[in-house]
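Trainee: Next up is a structure, given as structure tokens.
The values are calculated or read from the model by the stated rules, or taken from the named source; none is laboratory data. It should be emphasised that the depicted structure is a prediction, and the values quoted were computed from it without experimental measurement. Backbone-built Cβ (ideal geometry, glycine too); neighbour counts: all protein chains shown.
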């Protein structure tokens, strides 16, 4: 037994000296732990790390709407038609499951208060001169449904929702909705908006 061990040790010293591998001996890269080589353990761990990183990258991929969008154009057809190619400021922000929407309809800036304390008429004009709501959203095919948690109109945020048809091309987003796609609470019921009926097509460009 001693002679066999001495023979193997001699072969290992020769192999190391000549930088060659030796069949029948265990060099530093092929030392085993319970019959499994350390090289194999390393390769398994490396593969697991790569697969884990790939999975994280896939789950971290942005949805089609995620980002910040600026209102670039608004076209209304049907009742009270209009075509606003140079709209007042408007931003729509989509996170993974939440959104925020604020914009000033039309192409005229909002009227400023004449004093620190606005009159009742000025308050009404300020209320009517912007759109604001924020909450959660969901996508089914090309249909976007927003469900506000906070809104300028409290009835909209009390169980209301609005549906849009959306289309994304590069850095451009189109949102199209009919007036009957807007639903809000009246008493104990959530109802669709009443006529006059119209359709709004909003074009947005990506900011980030």
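Trainee: Taking the stated definitions as given, is residue 137 part of a strand (DSSP E or B), farther than 18 Å from residue 205 by Cα and either in the same structural domain as residue 157 (by TED's automatic domain parsing) or touching a helix residue (DSSP H, G or I) at 6+ places or on another chain (Cβ under 8 Å) (or both)?
Mentor: Criteria met by residue 137.
Trainee: Test residue 78 against the stated conditions and say whether it is at pLDDT 95 or above and more than 32 Å from the chain's Cα centre (by Cα).
Mentor: It is true that residue 78 is at pLDDT 95 or above and more than 32 Å from the chain's Cα centre (by Cα).
Residue-wise test of (1) assigned by TED's automatic domain parsing to the domain that holds residue 137; (2) free of Cβ contacts under 8 Å to residues at least 24 places away in the same chain; (3) assigned to a loop (DSSP other than H, G, I, E, B); (4) loosely packed, with under 11 Cβ neighbours inside 10 Å.
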| site | (1), (2), (3), (4) |
| --- | --- |
| 74 | yes, no, no, no |
| 77 | yes, no, no, no |
| 80 | yes, no, yes, yes |
| 87 | yes, yes, yes, no |
| 93 | yes, no, no, no |
| 106 | yes, no, yes, no |
| 110 | yes, yes, yes, no |
| 115 | yes, yes, yes, yes |
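Trainee: Here's something else I'd like to know. Would region 143-165 turn up any residue that is surrounded by fewer than 14 Cβ atoms within 10 Å (Cβ to Cβ) and within 24 Å of residue 73 (Cα to Cα)?
Mentor: Within region 143-165 (the criterion being surrounded by fewer than 14 Cβ atoms within 10 Å (Cβ to Cβ) and within 24 Å of residue 73 (Cα to Cα)), the answer is yes, since at least one residue qualifies.
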